[in-house]
Amino acid sequence: MIALKFTWNPLTGIDLGFITIHFYSLMFVVAFSLGYYLTKKVYNNEGVPIEKLDSLFMYAVISILLGARLGHVLFYQTELLWQDPLSVFLPFRFVPEFEFTGFRGLASHGAFIVGMYAMYRYSKKVLKKPFLWTLDRVSIPVALGAMFVRMGNFFNSEMVGKVTDSAIGIQFVQDEIGERRAMSITKINNPRKALQALTEDSQYADLIAEIPYRYPGQLMEAAGYAVVFLIVLYLYWKTKASEKVGLLFGTFLLLLMGVRLIVENFKREQVEGREDWILGLNTGQILSIPFILIGIYLVYTSLTREKKHTI
């Protein structure tokens, strides 16, 4: 087997001088833009007035970002609520010192919970259709969006995997060393230049060599989500699955959270001390199980409901 191991220390964005456009943020823009395009296709196919799509976009953007941030704080970094409460909703860190951090720390489970509530309100107030009808359709762009978010995590060297000797291992320089330590090591008073110096200057070769190879958990998850997207997309356009209320969304939940459940075995736990903390499962796996059970229930009821109807 050909080894694919390499050192990952990319630029995190496009530096325009007065501002840096981060790739992580760009992935969100791409996700929402493609989501808008896909949903427009679905609405046209369903005969839903396109003007109702703008409201959906606003509901989705606000609920997903708000839910993702709250989810991260509540599930993974609860101490922020009393240690640095302003950083929960602002792109800054105030403790131990003021620093612009951008909006880092987003949890998909929180986005799901708040997003589902937003879709419920949207279905009742704007679309005037059953809640599950809406969830069946939005599951298509959400699956694609989840893939791009994980790609953004890869650019940020976030959510890295466990140490491995396998051929797909990657050295995540930014995760292992960090900007501040890089600056202190290289004596370069610029985080980005300091990190680049570590991988480009031969005098730091020994330091880089000590960085362990890890599973690319973000890419593994993104690949799984891409498969989920293609399956849900196929079911909607090539079968009559959309006529069975809850089937598409149930399949989406079952497959997406199933991917998360499996890939978490290769990822490093985001909360120190919570590795295998309940029945051998970590935080991400525990949070995924309820969604998987809901997915199984929706798939079962949608199929049995159809069977009873045909009889």
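Side notes on the structure shown:
- Scanning residues 5 or more positions from Gln171 or on other chains, those with amide H under 5 Å from its amide H are Phe6, Thr7, Trp8, Arg214, with H placed 1.01 Å from N in the peptide plane.
- Given +1 at the Cβ of Lys and Arg, -1 at the Cβ of Asp and Glu and no other charges, the dipole of the chain around its Cα centre is 1560 debye to the nearest 20.
- Counting DSSP beta bridges with both ends in the chain, the antiparallel % (nearest 5): 75 percent
- Vicinal HN-Hα couplings computed from phi for region 224-233 (Karplus, 6.51 cos²θ - 1.76 cosθ + 1.60; Hz; Gly/Pro x): x, 5, 4, 5, 4, 4, 5, 5, 5, 4
- Distant-in-sequence amide H partners of Lys162 (H built 1.01 Å from N, under 5 Å): Tyr215, Lys267, Arg268
- Given charges at Cβ of Lys, Arg, Asp, Glu: the chain dipole, positive-most of Met119, Asn153, Pro10: Met119
- Amide H partners (placed H, <5 Å) of His22, local residues excluded: Ile14
- Each Cα pair under 8 Å and six or more residues apart adds its sequence gap; the mean of these over the residue count of the chain is a relative contact order of 19 percent.
- In Hz, Karplus ³J(HN,Hα) per residue of region 293-299 (6.51, -1.76, 1.60; θ = phi - 60°; x = Gly, Pro): 5, 5, x, 4, 4, 5, 5
- Listed peptides 136-147, 77-88, 193-204 by packing density, highest first (mean Cβ within 10 Å): 136-147, 193-204, 77-88
- Debye log10 I(q)/I(0) at q = 0.07, 0.12, 0.13 Å⁻¹ for the chain, Cα point scatterers: -0.32, -0.89, -1.02
Bear in mind these aren't lab numbers, they're just calculated from the coordinates by the rules spelled out. On a predicted model such as this, the values are computed, not experimentally measured, just so you know. Heads up, the Cβs are rebuilt from the backbone with ideal geometry, glycines too, and the neighbour counts pull from every protein chain shown.
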